[in-house]
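*Asks:* First, the structure itself, so that you have it in front of you.
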Amino acid sequence: MDVTAVIVAASRAVETGGERPLFEDVFAAEFVRAAGMSEAFPVSHAQIGLRENAENLRALARVTALRTRFLDDYFAEVPLTQVVILAAGLDTRAFRLPWPKGCTVFEIDHGSVLDFKQNVLDKADARARCDRRPVPVDLRTDWGGALVRAGFDPEQPTAWLAEGLLPFLPPTAEGRLLDRMHELSAFGSTVAVWAVAADIPGADATVRSTITDFGIDIDQVTNSEPRRDARAHLASLGWTVTESTVDELGERYGRPQRNHPATFFTARLA
């Protein structure tokens, strides 16, 4: 199982169990337990409190909460009926969000990841709130063809999501992914991107330290080679890009942050 996906799930479980959570993901803790990693990754504030690096873990959970809520709101604000989640991992939005009537949500990831998630969801008797269609395919291959075969309609506007994906891709793969997404996007399509590869060298020291505590070398699992800026890439293809900051989200959701460096944006093709 992808360890980074489990870390995100653990952070979502922490937020879900806290006071006045920004969202609720009742499946998050189950993923961590099913992966056999509940000892390594705290899934509650009580478990975090027992760790020496408790403050770092809380900071990681806070940022995960902001990003999750922001992207939940993104889908609510662009109520399109065709959605594609790239590198879906342990994302459960198909089960959590109030999707428009007739909405189809495609989840693209490796088959092993999707199978693991499905097994956990089946045991929890989870029911999707949309027409959910897992698409098992490697994003370095012809994922567009697999998506179309799963019923995706390139003539319909699409809401795309790339959450935490780009930093893991080499420059050429990132460029191909953005170009292919553009080719498959009808006018009116939107995309939300959380984190670009340029964020990695200057990543928040707290986040880097926390991930290191989990035995993960962030510089080994991500790719920060020089590349064309994703925002400029999409703009050159006719997308209108709107950026936000973690600090701004902290103010919006009542979770103040200070000088957090992560970059994220939404874009629209009109």
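No value in this document is a laboratory result; all are computed from the given coordinates. These figures come from a predicted structure and were not determined experimentally. Neighbour counts run over all protein chains shown; Cβ positions are idealised from the backbone, glycine included.
*Asks:* Go ahead and run the numbers for FRET between Asn119 and Asp142, Cβ-Cβ distance against an R0 of 35 Å, rounding to 0.05.
*Replies:* Calculated value: 0.85.
*Asks:* Still on this model: Roughly speaking, what is the stretch gain from Asn53 to Arg228, that is 0.36 nm per residue apart minus the C-alpha to C-alpha distance, in nm to one decimal?
*Replies:* 59.4 nm
*Asks:* When DSSP assigns beta bridges and you keep just the ones with both residues in region 3-269, what percent turn out antiparallel, to the nearest 5?
*Replies:* Among the beta bridges of region 3-269, antiparallel pairing accounts for roughly 40 percent.
*Asks:* Please compute the length gained on full extension between Arg129 and Ala173, using 0.36 nm multiplied by the number of residues separating them and subtracting their Cα-Cα distance.
*Replies:* Roughly 12.6 nm would be gained on extension.
*Asks:* Related question: With the chain treated as a Gaussian network of Cα nodes joined by springs under 10 Å, which of Ile85, Ile48, Ile108 yields the largest mean-square fluctuation?
*Replies:* Looking only at Ile85, Ile48, Ile108, the largest GNM fluctuation is found for Ile48.
*Asks:* Given the DSSP H assignment, sum -39500 (n - 2.57) over each helix run of at least 4 residues in the chain and divide by its residue total; what's the result at 222 nm in deg cm²/dmol, nearest 500?
*Replies:* Calculated from helices alone, the mean residue ellipticity at 222 nm is -12000 deg cm²/dmol.
*Asks:* Next up: Using a basic spin-label model with each label point 7 Å from the Cα along Cα→Cβ, how many nm lie between Lys101 and Thr240?
*Replies:* For the pair Lys101/Thr240, the computed spacing is 2.9 nm.
*Asks:* State, to one decimal in nm, how far the label point of Asp247 lies from the label point of Ala40, with both points 7 Å from Cα in the Cβ direction.
*Replies:* 3.5 nm
*Asks:* Which order do peptides 252-258, 35-41 fall in by mean Cβ count within 10 Å, highest first?
*Replies:* The most tightly packed comes first, giving 35-41, 252-258.
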